[in-house]
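Colleague: Attaching a single structure in C-alpha cells format; questions to follow.
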Amino acid sequence: MTYPRTRNRVALGLAAGALTALLAACGDNGDNGGGTTTPPPSPTTTTAGATRVDADLADYRITLSKQSFEPGPYAFVVKNTGQHTHALEIEGSGGENKTRTLGPGESDTLNVTLKSGTYTIYCPVDGHKDLGMKTQITVGGASPNTGY
C-alpha cells in the first residue's frame, strides 16, 4: 500500500510550495518593509554667501519667502508641499535654471546668480504654469509685475 507515502510526498510538496510563496512575499520589493517610503534626498548644499529663498510649491501655486531681490547669488530651497509632482524653473536675464522634478514632500536647492532684470519663476511640469504656478520677480529694480 503506497497511499501513505504518496500522501506524505504531496504534503511535503505543498509545504515546500507554501514556504516558497511565503519567502517570495517577504522578499525585498523596494518598499523598505511595512509600506514605509524612503525619505527624500536632502537638498543640495547652498552656494557660500548666497541669500536663501524658500520656495513652497503647492498644487498650482508658488510662494516665495522673499519679494525683493538685488543682483547676486541666491539659493532657492524648494519644497513640494502639494499632492502632485512639481519643479521650479527660473527664466530671465541669467538664462534658464531648474530643479529636478520633485514628488510630494521632496525638496531640492537651486543655486543661481541673478542679474538685474525681470525673471519668470514657474513650474515646468506640463500644464502647471497655465494653472497658475508662475510668478515674476524683478532684480535690482521696480516691484514685480503683480498682474502676471
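The values are calculated or read from the model by the stated rules, or taken from the named source; none is laboratory data. Everything numeric in this text was worked out from a predicted model, so none of it was measured. Methodologically, a virtual Cβ is constructed for each residue, glycine included, from the backbone with ideal geometry; neighbour enumeration extends over all protein chains shown. Accessible surface is based on the protein model in full, side chains and every heavy atom, while ligands, DNA and RNA are left aside. Shrake-Rupley method; radii C 1.70, N 1.55, O 1.52, S 1.80 Å.
Colleague: Look at segment 79-98 and say how many of its residues are farther than 15 Å from TYR119 by Cβ and either free of Cβ contacts under 8 Å to residues at least 40 places away in the same chain or assigned to a strand (DSSP E or B) (or both).
Modeller: Residues flagged as farther than 15 Å from TYR119 by Cβ and either free of Cβ contacts under 8 Å to residues at least 40 places away in the same chain or assigned to a strand (DSSP E or B) (or both) within segment 79-98 amount to 7.
Colleague: A follow-up question, please. Would you mind stating whether LEU131 is assigned to a loop (DSSP other than H, G, I, E, B) and either modelled with pLDDT of 95 or more or under 11 Å from LEU88 (Cβ atoms) (or both)?
Modeller: So LEU131 fits the description; yes.
Colleague: Moving on to the next point. Kindly indicate the residue of segment 56-86 that is in contact with a strand residue (DSSP E or B) (Cβ under 6 Å, 6 or more places away or on another chain), of a type in the set (Gly, Ala, Ser) and open to solvent by less than 20 Å² (accessible area, probe 1.4 Å) and also farthest from GLN136 (Cα to Cα) among those meeting that condition.
Modeller: It comes out as GLY82.
Colleague: VAL125 - would you say it is in contact with a His (Cβ under 8 Å, 6 or more places away or on another chain), open to solvent by less than 60 Å² (accessible area, probe 1.4 Å) and touching a residue at least 12 places away in the same chain (Cβ under 8 Å)?
Modeller: yes
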